[in-house]
1. Restricting attention to segment 317-361, which residues are of a type in the set (Ser, Thr, Tyr) and touching a residue at least 24 places away in the same chain (Cβ under 8 Å)?
2. Does any residue in segment 418-432 that is in the same structural domain as Val238 (by TED's automatic domain parsing) come within less than 6 Å, Cβ to Cβ, of a residue that is modelled with pLDDT of 95 or more and not in a helix (DSSP H, G or I) six or more places away or on a different chain, and which pairs are these?
3. Output the residues belonging to segment 213-246 that are of a type in the set (Gly, Ala, Ser) and either surrounded by fewer than 19 Cβ atoms within 10 Å (Cβ to Cβ) or assigned to a loop (DSSP other than H, G, I, E, B) (or both).
4. Answer yes or no: is there a residue in segment 294-316 that is basic (Lys, Arg), surrounded by 14 or more Cβ atoms within 10 Å (Cβ to Cβ) and either touching a residue at least 12 places away in the same chain (Cβ under 8 Å) or part of a helix (DSSP H, G or I) (or both).
5. Filtering segment 53-66 down to residues that are among the small types (Gly, Ala, Ser) and surrounded by 12 or more Cβ atoms within 10 Å (Cβ to Cβ), which residue is farthest from Gln120 (Cα to Cα)?
6. How many residues does segment 202-212 contain that are of a type outside the set (Lys, Arg), surrounded by 19 or more Cβ atoms within 10 Å (Cβ to Cβ) and over 24 Å from Ser423 (Cα atoms)?
7. Just one of the numbered conditions (1) of a type outside the set (Phe, Trp, Tyr); (2) under 26 Å from the mean Cα position of the chain (by Cα); (3) not in a loop (DSSP other than H, G, I, E, B) is not true of Ser423; which one?
Amino acid sequence: MKTLRLPPLSLAIGAVLAMPAQAQSLVDLYQSAKGFDAAYQSAKSQFDANLAKGEQARAGLLPTANLALGASRTNLASDIASLERTYGNQSATLSASQPLYRPANVAAAEQGKKQAELAQAQLLVADQDLIVRVSQAYFDVLAAQDNLNFVKAQKAAVAEQLASAKRNFEVGTATITDTREAQAKFDLVLAQEIAAENDLRVKKIALDQLAGKTTEPKQVQLPVALSAVTPDDVTAWVNQSEEVHPAIRQARLGLEVAQLETQKAQAGNKPTLDLTGSYNITKNDGSSSSGLDYRTNVASVGLSFNLPLFAGYAIQNRVKETIALEEKSRSDLEGAKRNVAQATRTAFFGVQSGLGQVKALEAAESSSQSALDANKLGYQVGVRINIDVLNSQSQLFDTKAKLAKARYDVLVGGLRLRQANGSLTEDDLSRVNTLLAK
């Protein structure tokens, strides 16, 4: 039997494939999602399109030039004069125009600048949304992993208690009730383990889909120090949102664009002035009356002035329309401020509540551990029954799972608070990333 020898490169590839997936940090998966997530890529493409659209508005202030070419051939035949002649014509015209006074075009160019700023704000919204979605999916996986680990630990503890109940029943120091209660608890934990495994699988698929690759999140390094909200004043967060929140910026820019649209509409009553110039070359190979070839060159420079006099009240009604839309934009801006303020307050108090829950659950975890130890001791000396120990175990592991979830909620809640007031950046994600295991 011959031994198959793999070349060194194949051995290296096989070794890499055999290695377990390396754990990725929160920032790593955010960068992966930034290049893969369809929603963010769509927003990025829309950003590029809006920038190009904004640049188009400047065209109304820049000169235009055109080149026109023409050629014709004519065959003339007359039975009366016994005349037959063929002649041709070739022409080339270069024309140019430079706007000198066009107030509507000036307003349109300003709108183009505002559109570019608006596109930037829209992309920032998409970026902040991606940060929160990746963080939520990341910690959902960690929470699901913790829950599964706690269920497995509970299963081991219940199995140990079941074995103890069986031994005590065999030697006559316990009743069959203890065994059956432990068996029922063990069966319930098995069902919980199946559900926890499926929940982890689903959460993992969601994170993989977001990042565009197989993921393995790093665990949070314990003990984790959760920072208090700074500043500890919801009014400060709300005031900051009015300056930096991209949704408010979009609404404010929308109002400015609407105001410029009114200026454009009002410019419909104003005159326009353009500088024009042209140069024409015409070559004729004879004509209907002569067989002589000739060529003409014509150059011209001038001013084109136009004054609108009456357009069937179209301009006046257009102005009324834009003024109404301007008021709508002003109301939209006020609505955006109110919505952002409400979302900021909700997120702020949510983080505050989460920090309080973490402290309470940490105390509950310590109390549950003490209660379990006391019930185990009481069971050994005969003052507690088996179901007391089983309930204490369930209470302890349930508290541990809730505590882990509460910690993750606070971390994500801090990011959501900054998203709510519009100040969320990648640096905030990096600060959370430092809490992960190295």
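1. Start the filter on segment 317-361 by keeping residues that are of a type in the set (Ser, Thr, Tyr), which leaves 322, 329, 331, 344, 346, 353.
Once the filter is applied, which keeps residues that are of a type in the set (Ser, Thr, Tyr) and touching a residue at least 24 places away in the same chain (Cβ under 8 Å), segment 317-361 yields Thr322, Ser329, Thr344, Thr346.
2. Pairs that qualify, where the first residue is in the same structural domain as Val238 (by TED's automatic domain parsing) and the partner is modelled with pLDDT of 95 or more and not in a helix (DSSP H, G or I), are Arg418/Leu424; Gly422/His245.
3. Within segment 213-246, the subset of a type in the set (Gly, Ala, Ser) is 225, 227-228, 236, 241.
Within segment 213-246, Ala225, Ser227, Ala228, Ala236 meet the criteria.
4. In the first step, residues of segment 294-316 are kept if they are basic (Lys, Arg); the result is 295.
Going one step further and asking which of them are surrounded by 14 or more Cβ atoms within 10 Å (Cβ to Cβ), we end up with none.
No.
5. In the first step, residues of segment 53-66 are kept if they are among the small types (Gly, Ala, Ser); the result is 54, 57, 59-60, 65.
With the extra rule that they be surrounded by 12 or more Cβ atoms within 10 Å (Cβ to Cβ), the set shrinks to 54, 57, 59-60.
Values: Gly54: 12, Ala57: 17, Ala59: 21, Gly60: 23 Å.
Filtering segment 53-66 for residues that are among the small types (Gly, Ala, Ser) and surrounded by 12 or more Cβ atoms within 10 Å (Cβ to Cβ), the one farthest from Gln120 (Cα to Cα) comes out as Gly60.
6. Of the residues in segment 202-212, the ones of a type outside the set (Lys, Arg) are 202, 205-212.
Filter once more, keeping what is surrounded by 19 or more Cβ atoms within 10 Å (Cβ to Cβ): 207, 210-211.
Still in the running and over 24 Å from Ser423 (Cα atoms): 207.
Of the residues in segment 202-212, 1 are of a type outside the set (Lys, Arg), surrounded by 19 or more Cβ atoms within 10 Å (Cβ to Cβ) and over 24 Å from Ser423 (Cα atoms).
7. The single condition Ser423 does not satisfy is (3).
Matching residues to (1) in a helix (DSSP H, G or I); (2) surrounded by fewer than 17 Cβ atoms within 10 Å (Cβ to Cβ):
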residue	(1), (2)
Ala374	yes, yes
Gly378	yes, yes
Arg384	no, yes
Val389	yes, no
Gln393	yes, no
Leu396	yes, no
Ala401	yes, no
Asp409	yes, no
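The values are calculated or read from the model by the stated rules, or taken from the named source; none is laboratory data. Being a predicted model, the structure only gives us computed values, none of them experimental. Virtual Cβ from ideal backbone geometry, glycine too; neighbours counted across all protein chains shown.
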